[in-house]
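S.K.: The structure under discussion is supplied below as structure tokens; questions concerning it will follow.
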Amino acid sequence: MSISRNNDAWIEDLQTPGPRKDAAITDLLAWLQKRLFFYLRDRSDLRSRHDGELQDMSADFAQESVLIILQKMDQFQGRSKFTTWAAKIAVHQALGELRRARWRDISLQAATQDGAFEPDFLRRKDVISPEGSAIQKEAMDVVMDVMQNELSERQSRALYARLVLGEPSSVLAEELGVSHNTLYKLIHDARKRLKARLLERGLSPEEILSSFK
Amino acid sequence: MNASQKGRSSDLQNLWQKLLRTLSLTHERELTCDEAQDLMDSYVELELAGENPQTILPKVSQHLRICPECKEEHDALIKILKMDED
Ligand SMILES: [Zn+2]
């Protein structure tokens, strides 16, 4: 298998319709599928799956990835090996799908439980360890105050969904009707605000963390 | 306190620590996931070549510390590319 193509050869082959392109696609598919299969087989959350099932999954992921790779060919700048770039796209695609599938399972289970947004999720006495309780209580009050009064509801919800529920960012971005980048900035602004308010009160997150020990 | 309340309070305790760790890692200027992803292939190649990507691409390192999704993808990519070495 000519996976030993250099970057120029990959680009040329994949952009020359006909047998050269077909051969390059076949090689790329096989290369990705094999690696995705071994990766999936190594994942602890997929231990119960049979090899046949994992083969199917890796074949699907590889196919979807190759379609995306072909669409994005003009974005390949040659800063890395072509196969590294292709593997990056495949990993992003595969792990994105695994996260969404896992989230569907979790949210189905949680539908009857307490998956809903709790704006005052931290204001509970039992969260504070008896050792640095004063500093922790003060910090927690600041955090809850900022979340309820300074951040937009969208920001608080986004932060809660990512941090507390572990909702995948692609799912959350879709729910909020924003791009992935916008979601990142929304949460980043929220984190910056929380940190700034803590620091204004002389409370550094590192110091509060060390009060747990 | 019953067992489930105890579980819940240690979950909350973990959550509180997670939030604090996230805040301690928060910087004024951060790469977004898309920006970090753009550099990820270069980043892992440096790493696999035995270089220290942290000194060359420190903002990607910072993003990986704060973003569990990109970190997961980074780790997977390293695993997958290492298969070529074996
Ligand atoms: Zn990220």
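S.K.: Counting only pairs 8 or more places apart or on different chains, how many lysine pairs in chain B have C-alpha atoms closer than 23 Å?
M.R.: Close lysine pairs found across chain B: 7.
S.K.: Follow-up. Which helices, counted as full DSSP H runs in chain B, have an axial Cα extent of no less than 30 Å and a Kyte-Doolittle average of -1.0 or above?
M.R.: Span-like helices here: B:3-24.
S.K.: Now a separate question. Along Cα→Cβ, 7 Å out, is where each label goes; now give me the distance between the ones at A:Lys72 and A:His50 in nm to one decimal.
M.R.: Taking the two extended label points, one gets 3.3 nm.
S.K.: Cα-based Rg (one decimal) and Dmax (whole number) for the protein assembly as shown, in Å?
M.R.: 22.0, 71
S.K.: Given an 8 Å cut-off on Cα distances and at least 6 residues of separation, report the relative contact order of chain A as a percent.
M.R.: 16
S.K.: While we're here: Between A:Arg100 and B:Lys59, with labels modelled 7 Å along Cα→Cβ, what's the label distance in nm to one decimal, could you check?
M.R.: Computed distance between label sites A:Arg100 and B:Lys59 equals 2.9 nm.
S.K.: Could you check which residue among B:Lys59, B:Lys18, B:Lys71 shows the biggest mean-square fluctuation in a GNM of chain B with a 10 Å Cα cutoff?
M.R.: B:Lys18
S.K.: Under Stokes-Einstein, with the Kirkwood radius over Cα pairs standing in for Rh, what whole-number D in µm²/s applies to the stretch A:7-104 at 10 °C and 1.306 mPa s?
M.R.: 113
S.K.: Simple spin-label model, 7 Å along Cα-to-Cβ: A:Phe38 to A:Ile135 in nm?
M.R.: 4.7
S.K.: Over chain B, what is the mean sequence separation of C-alpha contacts under 8 Å (at least six apart), divided by residue count, expressed as relative contact order in percent?
M.R.: That works out to 28 percent.
Taken together, the values in this text are just the output of simple stated rules run on the coordinates, not laboratory data. The structure presented is a predicted model; accordingly, all values stated were derived computationally and were not measured. Cβ atoms come from the backbone with ideal geometry, glycine included; neighbour counts cover every protein chain shown.
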